Amino acid sequence: MQGSAILDHVMAFTQTLAAQARRFKFPLLVAALLVFAGGLVVSVSSLDLSLSDLALPPLLLLLFVLSPLTLAYSAINLQLMAKALGLQTGFWHGVRVSAYAQVAELLPIPGGAIVRTAALRQKGGKLGASSLIVLSFSLLWIACAAVAGGVAILGFEEEPTPALHLTAIGLLAFGGVTIIAMEILLVRRAGAGVALAALVYRIVGLMLIAARIFVAFAIMGLFVEPVSSLLFAFATILGSAASLVPSGLGIAEALSAVLAELTGTVAPAAAFLAIAINRICGLLVNMTAAFFALAFQREATPTKVVNNGLS
């Protein structure tokens, strides 16, 4: 039960951060938008890019294939969370909730986690158990991303600097310990099958995000090594985990630019712009899905959106 106690402390800390974030909601949003917009302008100017320079096939692939696949991935992930609680939820219900959750991430609070927890409670889960499962899945996701980041840094052809080498070791240590802790917790609460499925599913998700970033670079006519895509996938996940800033807006892009500078993989401006393109495509798909889901839901049963905790 020690793992549950640790997660209880993490949940309390997250709630404290969310309460502080609500006090500075508007300034945080303005600051995030300024960083994001400013970075876009500087990156485009530095790379001397125009709309005609963007490759259409990879853009269509990202917008109409990989981004919807990510939404489907999130829906199945919600089904797995429900299974961990001994509940069941449909795939299309998961798509709707996942779209809402991604849009809710625009708030300077852990909006996605709140929406997913509310969806699990609607299906019969208790508040504490639902929150614990959502948080444990999230920590497992961050831990797997940390391991991927460490492996990516050590996997470059050139020998990493001592600082980068130490960072990679730290990421591997943190990720490894957290993965073990979360797996033990999930085995105890949901069984070995769910625990293993959750871990494998995180790995699949990492590959999906890395593929999206690879294609985002291709839109600009740039080719990056798969290991570089994995490194920027780590930056994307870590940036998105910063719930004090809406959806980690600007943080994932800036972190990717810093990692690009430190590792010498690509130009920092290219890294910033690739993550921004990936973000914009994902947001367009999620907002479109959320709009249609909300419209159909209101037509069918107007009160269910409120029951999901979204109003």
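A few points about this structure:
- Given (1) out of contact with any Cys (no Cβ under 7 Å at 6 or more places or on another chain); (2) in contact (Cβ under 8 Å) with a residue 24 or more places away in the chain; (3) surrounded by fewer than 19 Cβ atoms within 10 Å (Cβ to Cβ), number of the condition A198 does not satisfy: (3)
- Among residues of region 161-179, those that are touching a Leu at 6+ places or on another chain (Cβ under 7 Å) and over 19 Å from Y201 (Cβ atoms), counted: 2
- Among the residues of region 270-284, those that are hydrophobic (A, V, I, L, M, F, W, C) and either without any contact (Cβ under 8 Å) to a residue 40 or more places away in the chain or surrounded by 21 or more Cβ atoms within 10 Å (Cβ to Cβ) (or both) comprise A270, A271, F272, L273, A274, I275, A276, I277, I280, C281.
- Hey, V151 closer than 18 Å to M207 by Cβ, of a type in the set (A, V, I, L, M, F, W, C), out of contact with any helix residue (DSSP H, G or I) (no Cβ under 6 Å at 6 or more places or on another chain) and surrounded by fewer than 21 Cβ atoms within 10 Å (Cβ to Cβ) or not: yes
Quick grid of which residues meet (1) surrounded by 21 or more Cβ atoms within 10 Å (Cβ to Cβ); (2) over 20 Å from the mean Cα position of the chain (by Cα); (3) not hydroxyl-bearing (S, T, Y):
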residue: A146; (1), (2), (3): yes, no, yes
residue: H165; (1), (2), (3): no, yes, yes
residue: I179; (1), (2), (3): no, no, yes
residue: L185; (1), (2), (3): yes, yes, yes
residue: R189; (1), (2), (3): no, yes, yes
residue: A211; (1), (2), (3): no, no, yes
residue: G221; (1), (2), (3): no, yes, yes
residue: V227; (1), (2), (3): no, no, yes
residue: L238; (1), (2), (3): no, no, yes
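A quick yes/no check of all residues on (1) exposed (fewer than 14 other Cβ atoms within 10 Å of the Cβ); (2) over 22 Å from A254 (Cβ atoms); (3) hydrophobic (A, V, I, L, M, F, W, C):
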site	(1), (2), (3)
L29	no, no, yes
D53	yes, yes, no
P58	no, yes, no
L61	no, yes, yes
L71	no, yes, yes
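- Filtered residue count, region 40-69, keeping only those that are hydroxyl-bearing (S, T, Y) and under 24 Å from the mean Cα position of the chain (by Cα): 2
- The helices (runs of 4 or more DSSP H) falling completely within region 175-264 that include 1 or more residues that are at pLDDT below 90 map to 226-240, 251-263.
The values are calculated or read from the model by the stated rules, or taken from the named source; none is laboratory data. Model, not experiment: these values are computed from the prediction. All Cβ positions, glycine included, derive from the backbone under ideal geometry; neighbour counts span all protein chains shown.
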